[in-house]
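Inspection log for the structure reproduced underneath, given as C-alpha cells.
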Amino acid sequence: MKVCVLGGCGDMAKVALELLNKEPDVHSVSIADINLEKAKQIAEHLGSKFSSKFVNAKDKSSLIECIKHHNVALGFIGPFYLFEHDIIDACIEAKVPYVSICDDYDAFLSAITLNDKAKNAGLTIIAGLGNSPGITNLLAKKGYYSMDKPERIEINWAGGSNEDIGPANIKHVLHIFSGYTLQWRDGKEVKIKAGTDRKIVEFPEPMGKLPVYITGHAESVSIPRTLPGLKYVSLHGGIHPPYIARLATILGRLGLSNTHKKRELLTKILLPLVNLGIFSKGGIDQSVFRIDVYGQKNGKQVHHYYSGVGHIAEITSIPAVEGALMIAKGEINKPGVHSAESAIDDVDNFLNRLQSRGIKLFFHEE
C-alpha cells in the first residue's frame, strides 16, 4: 500500500507518520510538503519506507503530480477553508481516494460540491475525520441511533493551549471565532455569530469545566444533512485557558481576522508569542470533546452523552489514519464526498478500533 501524506511536515501529521511506519500493509509513504528540505529530514529519520515529495497546494498540477500512483492520500494541509476544495479536486483527477482532518464548516460545504464528481470517479473522499469533526460526528451518530426519536445533539470541543500548534492552527482559530457560522435550530439551518451563546461544559479531566462558544466547525452543517429529523444541532468550542477564546472573538468583532490576509498578518504577530509559550501559561496539554444527545426512547425522554480526551495530534491523526487504511483495503467503499458519519456505517466497530489504538472514550447511556 502506498500512502501520500499531504502536509506531512506539520505538527498534526507527526503521529500519522509514526502510525503508518508500524503498519505492515503500508510499504511506501510519501511525505509531501512545500518545505522539501524538512520533508527529506523527516523521511531519513523514519527510514526506508519513507520518501519526500515537494507539493504546492496552490498549484493544481503540483498536487496531481504528487498524489497520483498512491492508494490513498491523507490531508493535513491547512487552513482548510483555503485549500480543501482544490486538494479534493486534484485527488479526483489523480484518481486517488482522500481522507483529511478538515475542520472548517465552510471548507466542508465547499468540498461537498464535488460529491458528484467523486461519485462518477468511483472515489471515496472523507472531508473531516479527525477528532472534531470526526470522532465527534461518530459519537453523535451513535447517540442518534441509541434512541427511538433523537431530537437534539450538542457537540462541544476544547483545546489545551499547551499543545503543539503551527501557523495553520492559529489561522483556523482566528477563522472559526470570527464572522458567522451555520447551526441547526428548529429543524432548519440558521446563521449565528461566532463567539456567542456562551455556556459552561463539564469535560473529562484534566480539562474539567470550561466556557465554550459557537464556532465554525463542520458538525453543525454535516450532521443535519446525514441524520434526518433532528430539531437542534449545535457546535461549541473553547480553549484552555479561557481568555484565548475571548481574545480570538474580540479580534473577530474588531474586524481584524475576517479575511485570510488579515489572519495571515495576525499569525505572523502571534506565532512568535506562541513559540515563546506566552499563551500556554496556565494551559494544559490535552484536548477534549463531549457530545450530548437528547430524545425519546421507550416513550420516555432520555439524555445520553459521550466524551473523550487525549493529545491533539493523537486524537486527530488516529481516526484519519484508520479511515485511510480502511479505504485503501476496500473496507470503506462509498464513492462521493462524505463527512465522518456519512462515510462510516459501523460506528461501534470504528470506535473500537480507535480505542485499541489508545484513544480514551467514555460512554454514558444510563
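Derivation of every value follows stated rules applied to the coordinates shown; laboratory data play no part. A quick note: this is a predicted structure, and the numbers were derived from the prediction, not measured. Counting neighbours? That spans all protein chains shown, and the Cβs are built from the backbone with ideal geometry, glycine included.
Across the options Ile312, Ala328, Asn352, the greatest Cα extent toward the positive end of the charge dipole of region 262-366 (unit charges at beta carbon of Lys, Arg, Asp, Glu) belongs to Ile312.
Pairs exceeding a 21 Å alpha-carbon distance, out of Lys209/Lys268; Lys95/Lys329; Lys95/Lys142; Lys2/Lys58; Lys95/Lys119; Lys53/Lys95: Lys209/Lys268; Lys95/Lys142; Lys2/Lys58. Structure remark: mean-square fluctuation, Gaussian network model of the chain, C-alpha springs under 10 Å; the largest value among Gly128, Gly255, Gly179 belongs to Gly255. For Lys209 and Tyr180, what is the calculated FRET efficiency with R₀ set at 22 Å and r taken between the beta-carbons, to the nearest 0.05? The computed FRET efficiency comes out at 0.20. Which of rounded, prolate, oblate describes region 70-118, given a ≥ b ≥ c as roots of the alpha-carbon gyration tensor eigenvalues and a/c under 1.5 marking rounded, otherwise prolate only if a/b is larger than b/c? It comes out oblate by the Cα gyration axes. Note on Asp292, Asp116, Asp33: ascending count of other Cβ atoms within 10 Å places them as Asp116, Asp292, Asp33, the fewest first.
For Val55, the residues whose amide H sits under 5 Å from its own are Asp33, Ile34, ignoring neighbours fewer than 5 places away on the same chain, with H placed 1.01 Å from N.
Note on the chain: percent of Cα-Cα distances in each 10 Å bin, starting at 0 and stopping at the bin with the largest distance, equals 6, 26, 36, 25, 7, 1, 0. Counting only residues at least eight positions apart within a chain, or on another chain, the aspartates and glutamates with an alpha carbon under 17 Å from that of Lys199 are Glu154, Asp292.
Computed from phi, the 3J(HN,Hα) profile of region 218-229 under the Karplus parametrisation 6.51, -1.76, 1.60 (θ = phi - 60°) reads 8, 4, 6, 9, 7, 4, x, 6, 9, 10, x, x Hz, with x in place of Gly and Pro.
Taking the chain as a Gaussian network, where each spring joins two C-alpha atoms under 10 Å apart, which residue of Gly78, Gly336, Gly277 fluctuates the most? Top of the fluctuation ranking is Gly277. Our estimate of slack between Gln355 and Glu151, defined as 0.36 nm per intervening residue step minus the Cα-Cα distance, is 70.7 nm. Judged by the mean number of other Cβ atoms found within 10 Å, the most tightly packed of the peptides 241-249, 264-272, 89-97, 36-44 leads the ranking 89-97, 241-249, 36-44, 264-272. Counting neighbouring beta carbons within 10 Å and listing from fewest to most, the residues Met1, Met326 come out as Met1, Met326. About its Cα centre, region 135-311 has a charge dipole of approximately 560 debye under the convention of +1 per Lys or Arg Cβ and -1 per Asp or Glu Cβ, with nothing else charged.
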